[in-house]
1. With the checklist (1) closer than 29 Å to Thr26 by Cα; (2) of a type outside the set (D, E, K, R); (3) surrounded by 14 or more Cβ atoms within 10 Å (Cβ to Cβ) in hand, flag the one item Thr219 doesn't pass.
2. Regarding Leu43, is this residue among the hydrophobic types (A, V, I, L, M, F, W, C), assigned to a helix (DSSP H, G or I) and either crowded, with 22+ Cβ neighbours inside 10 Å or free of Cβ contacts under 8 Å to residues at least 40 places away in the same chain (or both)?
3. Hey, could you check region 130-178 for residues that are without any contact (Cβ under 8 Å) to a residue 24 or more places away in the chain, in a loop (DSSP other than H, G, I, E, B) and over 20 Å from the mean Cα position of the chain (by Cα) and say which is surrounded by the most Cβ atoms within 10 Å (Cβ to Cβ)?
4. Under 6 Å between Cβ atoms, at least 6 apart or on separate chains: pull out the pairs that start in region 285-302 with a residue that is under 15 Å from Ala245 (Cβ atoms) and modelled with pLDDT under 80 and end on any residue that is of a type in the set (Gly, Ala, Ser) and in a helix (DSSP H, G or I).
5. Identify, by number, the condition in (1) more than 17 Å from Arg28 (Cα to Cα); (2) modelled with pLDDT under 95; (3) not polar (S, T, N, Q) that Gly130 doesn't meet.
6. Can you tell me how many residues within region 46-57 are within 20 Å of Pro167 (Cβ to Cβ) and surrounded by 22 or more Cβ atoms within 10 Å (Cβ to Cβ)?
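The values are calculated or read from the model by the stated rules, or taken from the named source; none is laboratory data. From a predicted model like this one, the values you see are computed outputs, not experimental measurements. Here the Cβ positions follow ideal geometry from the backbone for every residue, glycine too, while neighbour counts run over all protein chains shown.
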Amino acid sequence: MESILFLAHTEADGSLGKAALETLGTVRTLAAALGGAKFTVGLAGVQVQPGADLIAGCGAAEFLGVAGPEFGPSRYGTDAAAAEALCRAVQATIVVIPATSRWSRVSAGLAQRLGGRVDTHVTGITAAGGTVSVSRWYYRQRMEGLLSRAQRPWLILVEPGSQPLAPVQPGTAAVRVIPVTVAESGQRTTVLGLRQPAGDAQTIRPEADLLFVAGAGWTKKQADGQPHVREAERLILDCLKFGRASLGSSKSLVDLGGEGQAVLSFLTHLNQIGQTGATPRHPKGLATCCHGEEPHTVGWRFVNERRAINTDPNCGWARGKADVLYVADAFAVMTRVNQLLAQGAA
């Protein structure tokens, strides 16, 4: 019988983040598929009781915790020590972990300490006949692979956004605290603070409801024969501001700067989606001035509702790649959209 451990870190206030709750749902599904196998919750952080209380009714057989001020910041030495102690405390054979940047940093080293194996970017876990399998995407989400391992312990990092949230069942959890002492050499890294862009300057928002994608058409000559790059910047930034949207881009638009053409000043390669960039997960997506070519639309694989604006009724988006295509001028459409968004914000 497999010994399953759900491993997560708590937030600054002791609660659990969205990625942790998504992974918890996967653990519960896996335990049920293994004939009602028991699973243990292992939490690490400054305080773990609030997080444990949040999911007290999740059905876990036991709650374990490694707590203390030294386990607050994201640091390899303390995170690896806490995770190792939790895994050894229950002799876990399968460890399911949310693939946050914090756990992704230590997962390979943790597998080495435990003598196990690790798989990252997992988007699904199944069990049949007692055999556990995981699925993950390859080649920019064009191919899906299904694999299983005989090696134990097996660390499985679940991709954030790929699973539904587990229903929260608060209560009072009995947490068994695991004492962990970390040497001074493991605490040399010090977090001095956090730096992040102002709300209006931030263009990448993974939790946004809308993904706004800008194509190269924004910088091309418009109906009057002239490009209007500065106006395009204002329209796009207003949409991001009022709609709290996340910005994506085609590679062609990002690369225009290298060709000596006018570019949108706030775009970087971090905004790229598709074959050459990220594959975001948002409830809705709006493509503007994009041709809808396959290398670009592959980045929309996990977007639930896809809409596009293009003056060409025969563009790639019209060929089954968009749920709704608006045959119109993106400048005019976004001007009106931003007016409506501003009114709603007011």
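1. Exception for Thr219: condition (1).
2. No.
3. Ser148
4. Going by the 6 Å Cβ cut-off, there are no qualifying pairs.
5. Here Gly130 clears every test but (1).
6. Residues that pass the stated criteria total 3.
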